[in-house]
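Please read the structure below before turning to the comments.
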Amino acid sequence: MSLLSLTPMLAEARRGGYAVGAFNPVDYASMKAIVEAAEELNAPVIIQTSAKTVIYYSHETLAGWFRELAADSPVPIALHLDHGKDLEMIKKCIETGWTSVMIDASDHPFEENLARSRQVVAWASAAGVGVEAELGEIVGVEEDIVVAEEDAHLADPDKAERFCRELDLGVFAPAIGTAHGYYKGEPDVRFDLIEEIFRRTQIPLALHGGTGLPDETIQRCIKLGCAKVNISTNLKHAFIDGFSDYHRDNPHDYEPLRVLKGQYDTMKELMKAKIRQFGGAGKAADVEISTS
Ligand code: 13P
């Protein structure tokens with residue numbers, strides 16, 4: 001049990017009434033911190049790489065880190081591509097060791113979104129790789145993808161039903177009112193839409209824009225059908241603040257490995273808190289039983 005597609009992982013999360021944390025690493029240490037947080041809590045976890053991170057380090061480097069860190073892990077771990085827009089990049093992820101990929105063609109008209117997503121499902125299912133696809137457009141900034149408020153739109157339940165019927169998805173990402181990045185005001189999460197979409201599709205839902213959502217909102221979303229909660233901005237802040245807070249508190253310590261340890265511990269504690277909050281702690285064995 002270790003490298004796993006998110007499809008069985010999230011099916012089990014739905015059965016167990018919890019969500020799996022999906023975190024965006026920015027370097028080797030943050031990927032290691034995700035793995036260690038999950039291992040210390042005996043939880044399943046999703047490492048999701050933003051497309052920008054794949055371009056920065058290369059497919060081979062990230063897949064190599066993942067294999068090294070996760071191949072012998074006692075807990076189930078998925079390597080997922082977050083918001084893949086470039087079909088060639090997605091294809092290469094499937095070929096180089098990602099266990100699941102997201103195709104985000106949500107900025108295209110419905111039929112084009114469906115056609116691109118269908119192409120990715122065909123490649124992925126031939127390789128035993130899981131797929132996430134998006135409908136509607138989630139507002140905010142996710143790496144290089146910027147969706148302005150006037151361009152964002154929520155997923156339509158009729159279209160969502162057809163989209164999911166025609167695609168074999170492990171997880172579905174409808175826009176339901178959350179946003180990438182910190183919220184400027186009170187998030188306007190459409191619980192009614194989550195409920196209706198999950199009732200009509202029965203596909204585990206991804207909750208994008210997890211940073212800054214109140215706990216009661218997250219718990220309600222999990223109850224209504226969300227099985228994957230995405231956290232990126234929080235982790236970026238822990239990466240920067242973990243380093244700079246250590247230096248602020250220890251201004252004369254110029255031993256880099258101690259500074260890096262301060263940064264690492266800040267990231268790991270953040271992810272442990274999130275995994276506990278989403279209900280994933282202690283669930284690794286349940287995934288193992290359900291997949292064996
Ligand atoms: P945040 O940056 O708001 O945590 O959102 C992450 C996300 O949804 C990645 O797809």
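Looking only at residues in the range 154-178 that are within 14 Å of Ile203 (Cα to Cα) and among the hydrophobic types (A, V, I, L, M, F, W, C), which one is surrounded by the fewest Cβ atoms within 10 Å (Cβ to Cβ)?
Leu167
Within the range 78-99, does at least one residue satisfy the condition of being at pLDDT below 95 and within 16 Å of the ligand (Cβ to nearest atom)?
Taking every residue of the range 78-99 in turn, none turns out to be at pLDDT below 95 and within 16 Å of the ligand (Cβ to nearest atom).
If only one of Ile240, Ile289, Ile203 is within 21 Å of Ile138 (Cα to Cα) and free of Cβ contacts under 8 Å to residues at least 40 places away in the same chain, which one is it?
Only one candidate passes the filter, namely Ile203.
Regarding Ile240, is this residue in contact with a helix residue (DSSP H, G or I) (Cβ under 6 Å, 6 or more places away or on another chain) and within 16 Å of the ligand (Cβ to nearest atom)? Steps first, please.
Numbers: in contact with a helix residue (DSSP H, G or I) (Cβ under 6 Å, 6 or more places away or on another chain): no; within 16 Å of the ligand (Cβ to nearest atom): yes.
Taking the combined requirement at face value, the residue does not satisfy it.
Considering only the range 94-113, state which residues are over 13 Å from the mean Cα position of the chain (by Cα) and polar (S, T, N, Q).
Selection gives Thr96, Ser106, Asn113.
Hey, does the range 179-192 have a residue that's under 30 Å from Gln263 (Cβ atoms) and buried (at least 21 other Cβ atoms within 10 Å of the Cβ)?
Yes, the range 179-192 contains a residue that is under 30 Å from Gln263 (Cβ atoms) and buried (at least 21 other Cβ atoms within 10 Å of the Cβ).
Any residue that is within 21 Å of His237 (Cβ to Cβ) and not in a helix (DSSP H, G or I) - is there at least one of those in the range 26-33? Step through it out loud before you land on a result.
Step one: filter the range 26-33 for residues within 21 Å of His237 (Cβ to Cβ), giving 26-33.
Subset that is not in a helix (DSSP H, G or I): 26-27.
Checked the range 26-33: at least one residue is within 21 Å of His237 (Cβ to Cβ) and not in a helix (DSSP H, G or I).
Report whether or not Glu112 is free of Cβ contacts under 8 Å to residues at least 40 places away in the same chain, more than 14 Å from the ligand (Cβ to nearest atom), among the acidic types (Asp, Glu) and closer than 28 Å to Thr201 by Cα.
yes
Of everything in the range 60-89, what is under 20 Å from Lys228 (Cα atoms), in a helix (DSSP H, G or I) and touching a Gly at 6+ places or on another chain (Cβ under 7 Å)? Give them in sequence order.
Listed by number, the list holds a single entry, Phe66.
Based on this model, can you work out whether Leu79 counts as closer than 24 Å to Ala122 by Cβ and touching a residue at least 60 places away in the same chain (Cβ under 8 Å)? Full working, then the answer.
Values: closer than 24 Å to Ala122 by Cβ: yes; touching a residue at least 60 places away in the same chain (Cβ under 8 Å): yes.
Spelling it out, Leu79 is indeed closer than 24 Å to Ala122 by Cβ and touching a residue at least 60 places away in the same chain (Cβ under 8 Å).
Could you list, in sequence order, all residues of the range 190-235 that are under 22 Å from Ala43 (Cα atoms), basic (Lys, Arg) and either in contact with a helix residue (DSSP H, G or I) (Cβ under 7 Å, 6 or more places away or on another chain) or within 13 Å of the ligand (Cβ to nearest atom) (or both)?
Arg220, Lys228, listed by residue number.
The values are calculated or read from the model by the stated rules, or taken from the named source; none is laboratory data. Owing to the predicted nature of the structure, the values given are computational and were not obtained by experimental measurement. No Cβ is skipped: glycine too gets one built from the backbone with ideal geometry, and neighbour counts run over all protein chains shown.
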